[in-house]
């Protein structure tokens, strides 16, 4: 079993339990969430919690609904039915098992379906038909047909390949979902140290500080769950066309680490995607960029809450030993020292900058309402996000093919910074600035003048 503990020991409080086995238990809190961890401890059912954790790891089961676990705690679901139902949360998608009750299916599939009931010698038969939007025609079609006998799955039919069906997956750390994505698990351990009634081993505290100080490695960005959302752009190929073979990329990306190729793929896709997917593209691009920017900040801040932050998050603590803020400062200092030795950390700054610039061009193109402005803006990035940069004399003389593709080699990404940031036409006197485009768009006589001057004349 993954977690090795003395299963005969019983603990008087959640903090005492956590402090006695924090090296393993903080992993449980991270996966399950502190609320459920505390409820299992208070109910003296920690062995069951460990069994559940081991099962989630072994079977590659993702985020569940908190209420589903609470139903098990309240004995509203048998242990057998509970574990069988957990398969509905499998990664990359729900797995229906024969014998599964309606409870976990309702959580994931929702309660919108057509139902037919009948009775035979086996008992009550209920057949549910779930519908999703067709991928081929503008109407709803059958996605799933599930038959229950006496409240348990007898057989089912999966037709979801031909339709888009919405699954009600909760977000990690949300009000409905289990687990945590913030600093709560480690902060709970620190609170347990601070609030301990009896002495603890100095080595345990030293091990904790080492863990916090060395939590981030050079591949932190590559493995960050938010940054991994860049894999959502696998749904489009480099020509900006929706690739039906990658429609499930938003689920599967969790199994991949971020690399420069996928970021550049997204940048290339942005060059060609047009208005048909505008809202989705903007949402996905902003999700990735926000996660990346946040990760650059988070990677240099220890995942511990100060006493002030604990209060702000309504987390109770009793800092009897006066160590919380002291430990946070010490770990922060150690983290910064560690980063001084990380000379080869992959931040993907060049690739992300290319993606960010293409995203700005995409928004200008899709907001313009004019096709020629859209194509022109794609060829003149200097008029957008790079307009503020100083152009060196040597760069002024450079000429670049307007139809050139983004070079995916690292050497060229770094070496051709000036060409990426200052794209020119062969005749520099015919450049249109971003300000001219905006003025021409809202003041049409001037816009007509620009068209005549730069495209007709």
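The values are calculated or read from the model by the stated rules, or taken from the named source; none is laboratory data. Predicted model only: the values in this text are computed from it and were never measured. Every residue, glycine as well, gets a Cβ built from its backbone with ideal geometry; the counts of neighbours run over all protein chains shown.
Side notes on the structure shown:
- Checked against (1) surrounded by fewer than 12 Cβ atoms within 10 Å (Cβ to Cβ); (2) out of contact with any strand residue (DSSP E or B) (no Cβ under 6 Å at 6 or more places or on another chain), residue 118 passes all but a single condition, namely (2).
- Some residue of the range 71-83 being assigned to a helix (DSSP H, G or I), in contact (Cβ under 8 Å) with a residue 60 or more places away in the chain, within 30 Å of residue 316 (Cβ to Cβ) and touching a helix residue (DSSP H, G or I) at 6+ places or on another chain (Cβ under 9 Å): no
- Every condition in (1) surrounded by 15 or more Cβ atoms within 10 Å (Cβ to Cβ); (2) on the phi < 0 side of the Ramachandran plot; (3) modelled with pLDDT under 95 is met by residue 33 except one, and the failing one is (2).
- Yes/no for residue 358 being closer than 22 Å to residue 181 by Cβ and in contact (Cβ under 8 Å) with a residue 12 or more places away in the chain: no
- Any chance residue 61 is modelled with pLDDT under 95, closer than 30 Å to residue 180 by Cα and surrounded by fewer than 17 Cβ atoms within 10 Å (Cβ to Cβ): no
- Among the residues listed as 154, 161, the single one being within 30 Å of the chain's Cα centre (by Cα) and either more than 21 Å from residue 65 (Cβ to Cβ) or touching a residue at least 24 places away in the same chain (Cβ under 8 Å) (or both): 161
- Odd one out for residue 338, checked against (1) under 24 Å from residue 206 (Cβ atoms); (2) outside the structural domain of residue 228 (by TED's automatic domain parsing): (2)
- Options 227, 212: the member that is surrounded by 19 or more Cβ atoms within 10 Å (Cβ to Cβ) and closer than 19 Å to residue 26 by Cα: 212
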